[in-house]
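A short reminder: the numbers here are calculations on the coordinates, not readings from a lab. This is a predicted model, so every value here is computed, not measured. Positions of Cβ are backbone-derived with ideal geometry, glycine not excepted, and every protein chain shown enters the neighbour counts.
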Amino acid sequence: MENFLTVPEELYLLALNESEGNVQVTHYRSFKVALSGAILMNLALENRIDSDMHNIILDKKEAVGDQLLDSAFNELRLSGDDQKSIKYWIDTLASRTEIYNSILLQSLIQKGVLKIEDKKILWVFSAQKYPVVGDKEIEAVHSRVRNLIFSDEIPEVYDIVLISLLFNSAMLDLVLSDQEIDKHIYRIEKIAKMDMIGQSIGKSIEETVVSQLISEFSKLVKGGKSAEEKIQETADEAMKKYHLKSTDELPDWLKKGTDQYKKTVAFVEKTGTADIIYNARSDRYIVKRYAAIGPAFSGEI
């Protein structure tokens, strides 16, 4: 299927909030990191870069033909170093987020997905479908991602990249409810691991977001809630949500006295948040959301 939108454009659409008449990107710190990753992953899909588990490696030098991707790719080419760390480029591109937001909005207007009326950003087409490309109407990104997660279909590479971005940047709740994340986390993680380049960039995204979490929560004044108190709140929510009658019915990672609970305490102490999911199959803790709100983007171009 022809790709109507780039990966950064699809991520941008997921993060839109029209309720205030402008683009209010929620999860802003995570969004900046995810947008950087989206650009790098899209450049990899276009065979302009490659990566090992640590560094970005330049491949072809020809322009892609997309303003945003070419702007970022030009910066990589002019850096004077064929190999710099993935973390370096995530941080560097994240510092250009406001510029990239303007480019993305202009591109989406030109493609007929969005429009501006009275300084408000509005959708042109249905939230469920995009225009016909070739002879096929394309399912919109929000619906497409949800349908893939809820099914056993083998996703296309662009969908793998997008789900990997949402998973590793703790922004799954842009498309799923808390209960849906809990129920489908194994499927989500499985999809996120299908692409090797996505894995390497995704790992750096996750490390950057967790580092931001640690930095953010370390600024809190002393006397805040302890890790065990935060975990207790999560456990209380789980008991209410799933109608549990006793703490004995809680999973081991939330049940006091278990070895897994001790690991949960250590993870919460590290990140500062108990808003997490534990995937028993992969023995991995995942931050569910990072909802720090950033500045509104007016949508003016």
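For the stretch 142-177, which chymotrypsin sites (Phe, Trp or Tyr not before Pro) pass both filters: DSSP loop (anything but H, G, I, E, B) and at most 14 other C-beta atoms within 10 Å? Hits after loop and neighbour filter: 150.
The lysines within cross-link reach of residue 120, meaning a Cα-to-Cα straight distance under 28 Å and a gap of 8 or more places when in the same chain, are 32, 111, 129.
7 Å from Cα along Cα→Cβ at both residue 152 and residue 259: what's the point-to-point distance in nm? Those two pseudo-labels are separated by 3.3 nm. In summary, the lysines within cross-link reach of residue 241, defined as a Cα separation below 17 angstrom excluding same-chain residues under 8 places away, comprise 183, 230, 255, 288.
Extension gain for residue 283 to residue 247 (0.36 nm times residue separation, less C-alpha to C-alpha distance): 10.8 nm.
Stretching the chain fully between residue 54 and residue 211 yields a gain of 54.8 nm (0.36 nm per residue, less the alpha carbon separation).
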